[in-house]
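Contents: one structure, followed by commentary.
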Amino acid sequence: MPFPNVRLSNRPLHFIYLCDCSGSMAAQGKMQALNQAIRQSLPGMAEVARENPEARVLVRAVRFADQAAWHLAEATPVQQLQWRDLEAGGITAMGDALNLVADALQSPPMEERALPPVLVLISDGQPTDDFDAGLANLMRRPWAQKAVRLAIAMGHDADLEVLQQFIGPEPSAHGKSPRRPLQASNATTLAQYIQWASTAVVGAASMPASRVTAADAGGPNSPANIPLPDLPPTLLDPSDDVGPLVW
Amino acid sequence: MNWLLPEGASLPFAGLEQPLRIEQGLGGGSQGQVFAVQLGGERLALKWYFPACIGRDPQLRERLQQSIRLGAPNRDFLWPLALLDPIPGSLGRFPAAAGGFGYLMGLRPDAFVGAHRHAGGDLAISLQCVLKACFHLAEAFHQLHLKGLCYKDVSLGNLFLDPSSGGILICDNDNVDVDGQSSGSVLGTPGFMAPEVLLGQAKPSARSDLFSLAVLLFRLLTRHDPFRGQRELAIRCLDEPARRRLYGDEALFIFDPNDPRNRPDPIEHSAALITWPIYPAGLQRLFEQSFGPGLRQSEQRTLTGQWKQAISLCLDQRQLCSHCGQETFPAADAPGACWSCGTPLPEPLRLRLPHGLVSAAAGNELQPHHFDPLVGEAIREPLARLVAHPSDPALLGLQNLSTSRWRGRTTSGQSIELDPGKTCNLSALQQIDSSAGAILVLRP
């Protein structure tokens with residue numbers, strides 16, 4: 001006879017992409033690179049979701065250009081997700097995008113109990129609207145304070161300062177850290193970071209992984225809400241990459 | 001996945017007489033990546049570490065060498081077999097892999113799947129096989145601790161199950177260390193860590209292993225978590241600080257016999273309420289011990305030998321409900337009702353052995369420890385198995401799994417002989433003298 005048909009109760013894990021679709025994203029195939037990177041990351045993300053019995057991974061996406069709008073409005077189980085291509089054109093209403101996410105993170109519609117949400121902000125430029133007001137609005141939501149907030153800078157024109165503000169205080173240690181904007185200066189690195197965020201980070205937020213004593217990995221006294229996994233080793237360390245932009 | 005080592009390449013390594021062929025990448029985690037490899041016709045697995053991981057854990061190499069020297073506690077561990085260092089310059093084209101090292105181990109057969117799938121309700125497995133897996137787990141840690149070692153990071157993520165047999169494989173053995181040396185940097189996995197380790201008051205040890213083992217056994221047997229009850233419902237965002245309270249400062253066993261404040265919620269935690277009553281009181285008491293007094297006093301935790309004893313008794317008591325066919329485990333002195341359909345359980349036909357009593361249900365097995373109390377509980381090599389007749393499932397027989405001929409007699413006094421591999425009908429059997437000792441049929 002089979003084991004009774006029961007399972008560990010699980011909690012939703014909301015994973016939200018905030019994607020810059022301003023006109024500059026049309027240049028050098030950046031928009032296509034982002035669409036590809038997200039699409040390619042989905043099978044791995046679905047696999048991580050399957051391996052984490054404690055989580056129900058739900059994906060949404062916001063696009064922002066002249067204004068912000070839900071690109072994927074319904075929180076969709078990652079296993080059922082079909083990525084529709086984003087299209088570039090317009091300016092950079094990043095603050096507006098943060099307002100949209102802020103609305104989604106209040107309860108309701110947000111469930112009463114959940115795992116920490118994961119927010120991934122991807123941009124190649126400067127906000128053209130009131131970013132500060134949008135961020136302040138977002139950070140008033142308890143779920144946004146609890147969220148794992150990551151940022152990916154595409155190319156060298158991204159405003160690293162606003163991306164750092166989105167993530168939170170800059171870590172004191174030097175070098176690459178997931179608590180700094182991840183700089184993707186080519187399509188391969190972008191794909192690696194998207195894959196990392198959608199697998200390793202989702203895994204860490206949904207089911208605790210092994211802990212080590214190192215301070216950056218979140219020891220017992222770590223202030224971190226969710227200890228973030230190591231960044232993937234990339235062939236070209238972005239901080240060393242000063243060559244021309246190749247997309 | 002971006003693989004550290006190129007799939008399809010043959011690479012030389014220090015100490016290997018022939019090059020190692022990298023067949024394919026199998027997976028990656030926070031420490032490194034695992035590859036299927038081939039060495040002189042033998043297929044093995046290679047774990048290759050990220051330089052960052054080696055940097056964080058300076059004693060890693062020494063620990064691996066020690067484990068390789070000591071050898072695996074038993075065959076349920078995917079134990080390190082050999083340390084692999086690159087030949088200087090040979091990995092020049094693979095900068096992410098250079099500067100690292102790895103180790104070879106056995107390749108996990110396809111039949112074994114991650115234990116998290118069981119916890120997620122995504123695995124068809126019988127209660128008997130889950131109990132067998134739990135027995136193997138207790139036995140594996142028994143052997144590991146007897147060698148003076150501790151594992152440090154017991155969790156669902158490091159365990160694989162064969163759902164058809166209850167066999168297990170324990171992987172990620174690279175934190176294993178001599179108990180008390182605590183040279184490594186690993187602390188364990190939240191949700192499985194002993195409270196004193198989670199709260200930073202102690203280093204992982206064989207005693208903290210015992211706590212993590214109890215959590216893992218509970219999760220396998222119930223598909224639920226021993227501390228997620230009412231107190232979990234009060235947590236909105238289940239993040240690190242919340243987990244530290246739930247499993248550390250405020251940990252309270254959901255079935256604590258003296259404190260009902262953290263009982264499971266009938267809707268959110270239904271798995272625990274359905275599965276916990278399946279198991280006999282003797283087994284439940286061991287959890288109450290480990291998660292009650294054992295929560296704060298590590299010397300109070302259930303020992304591996306006690307788990308082995310209670311789980312093997314539970315397997316001996318297995319009985320199929322005559323109404324719904326579900327597996328039940330009533331104690332001989334407390335028959336009760338089927339946990340699944342509520343039908344009262346009649347007293348079953350039992351086999352009396354020199355050191356045990358086994359209920360007659362298809363699939364139950366007679367083990368060497370039922371005949372010889374000195375061998376210790378083991379379930380790997382049964383001497384006999386109860387089997388249903390292939391064309392008449394109602395007819396139950398006893399199959400001789402030994403290599404010698406057994407002799408017995410029927411209730412009418414007739415002598416019979418039972419050759420290895422043969423099965424005799426239980427309904428007419430009075431007694432059989434096996435090579436290990438007498439088997440007496442007790443009718444209710």
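The values are calculated or read from the model by the stated rules, or taken from the named source; none is laboratory data. What you see is a predicted model; the values in this text were computed from it and never measured. FYI the Cβ positions are ideal-geometry reconstructions off the backbone, even for glycines, and counts take in every protein chain you see.
Miscellaneous remarks
One line per residue, one yes/no per condition, for (1) under 14 Å from A:Val101 (Cβ atoms); (2) surrounded by 15 or more Cβ atoms within 10 Å (Cβ to Cβ):
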{"site": "A:Ala133", "(1), (2)": "yes, no"}
{"site": "A:Asn137", "(1), (2)": "yes, yes"}
{"site": "A:Ala147", "(1), (2)": "yes, yes"}
{"site": "A:Leu150", "(1), (2)": "yes, yes"}
{"site": "A:Gly175", "(1), (2)": "no, no"}
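- Among the candidates A:Arg141, A:Arg113, A:Arg149, residue that is within 14 Å of chain B (Cβ to nearest Cβ) and in contact with a Gly (Cβ under 7 Å, 6 or more places away or on another chain): A:Arg149
- Qualifying residue in the stretch A:22-40 (condition: of a type in the set (D, E, K, R) and within 14 Å of another protein chain (Cβ to nearest Cβ)): no
- The set of residues in the stretch B:172-221 being more than 22 Å from the chain's Cα centre (by Cα) and of a type in the set (Asp, Glu) consists of B:Glu196 alone.
- When the stretch B:252-285 is filtered for residues that are of a type in the set (A, V, I, L, M), touching a helix residue (DSSP H, G or I) at 6+ places or on another chain (Cβ under 8 Å) and either surrounded by fewer than 17 Cβ atoms within 10 Å (Cβ to Cβ) or outside any loop (DSSP other than H, G, I, E, B) (or both), the ones remaining, listed by number, are B:Ala271, B:Ala272, B:Ile278, B:Leu283.
- Within the stretch B:124-137, residues that are modelled with pLDDT of 95 or more have Cβ atoms under 7 Å from residues that are of a type in the set (S, T, N, Q) in these pairs: B:Cys129/B:Ser165; B:Phe135/B:Ser312, counting only partners at least 6 apart in sequence or on another chain.
- Residue match in the stretch B:106-121 (condition: under 22 Å from B:Ser165 (Cα atoms), buried (at least 20 other Cβ atoms within 10 Å of the Cβ) and of a type in the set (A, V, I, L, M)): yes
- Test result for B:Leu426, touching a Ser or Thr at 6+ places or on another chain (Cβ under 9 Å), touching a residue at least 12 places away in the same chain (Cβ under 8 Å), under 29 Å from B:His136 (Cβ atoms) and surrounded by 15 or more Cβ atoms within 10 Å (Cβ to Cβ): no
- Qualifying positions in the stretch B:240-251 - assigned to a helix (DSSP H, G or I), under 27 Å from the mean Cα position of the chain (by Cα) and more than 9 Å from every other protein chain (Cβ to nearest Cβ): B:Leu246, B:Tyr247
Per-residue answers, yes or no, for (1) part of a loop (DSSP other than H, G, I, E, B); (2) of a type outside the set (Val, Ile, Thr):
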site	(1), (2)
B:Trp3	yes, yes
B:Glu7	yes, yes
B:Glu17	yes, yes
B:Arg21	no, yes
B:Ser30	yes, yes
B:Val37	no, no
B:Gly55	no, yes
B:Gln65	no, yes
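- Filter result for B:Leu221 (under 25 Å from B:Arg117 (Cα atoms) and within 11 Å of chain A (Cβ to nearest Cβ)): yes
- Lone unmet requirement of (1) under 19 Å from A:Leu150 (Cα atoms); (2) surrounded by 23 or more Cβ atoms within 10 Å (Cβ to Cβ) for A:Gly44: (2)
- Checking each residue of the stretch A:106-128 against the condition of being among the hydroxyl-bearing types (Ser, Thr, Tyr) and in contact with a helix residue (DSSP H, G or I) (Cβ under 7 Å, 6 or more places away or on another chain) gives at least one match.
- Criterion: closer than 26 Å to B:Gln143 by Cα and basic (Lys, Arg) - qualifying residue of B:Arg69, B:Arg56, B:Arg43: B:Arg69
- Conditions (1) at pLDDT 85 or above; (2) surrounded by 18 or more Cβ atoms within 10 Å (Cβ to Cβ): number failed by B:Gln31: (1)
- Restricted to the stretch B:80-129, and to residues there that are of a type in the set (S, T, N, Q) and not in a loop (DSSP other than H, G, I, E, B), the residue that is nearest to the other protein chains (Cβ to nearest Cβ) is B:Ser126.
- Checking every residue in the stretch B:396-412 against the condition of being β-branched (Val, Ile, Thr), in a loop (DSSP other than H, G, I, E, B) and at negative phi gives at least one match.
- Wholly within the stretch B:148-208, strands (runs of 3 or more DSSP E) carrying at least 1 residues that are on the phi > 0 side of the Ramachandran plot and small (Gly, Ala, Ser): B:186-188
- Scan the stretch B:57-83 for residues that are buried (at least 20 other Cβ atoms within 10 Å of the Cβ) and more than 23 Å from B:Ile168 (Cα to Cα) and the total you get is 3.
- Checked against the criterion of being part of a strand (DSSP E or B) and either more than 30 Å from B:Ser155 (Cβ to Cβ) or hydroxyl-bearing (Ser, Thr, Tyr) (or both), the candidates A:Leu13, A:Leu58, A:Leu18, A:Leu34 yield just one match: A:Leu18.
- Subset of the stretch B:346-360 (residues that are buried (at least 20 other Cβ atoms within 10 Å of the Cβ) and free of Cβ contacts under 8 Å to residues at least 60 places away in the same chain): B:Val358, B:Ser359
- Residue match in the stretch A:49-59 (condition: surrounded by fewer than 23 Cβ atoms within 10 Å (Cβ to Cβ) and more than 14 Å from chain B (Cβ to nearest Cβ)): yes
- If you filter the stretch A:196-223 down to residues that are in contact with a helix residue (DSSP H, G or I) (Cβ under 6 Å, 6 or more places away or on another chain), farther than 26 Å from A:Glu161 by Cβ and more than 7 Å from every other protein chain (Cβ to nearest Cβ), you find that the one that is modelled with the lowest pLDDT is A:Gly203.
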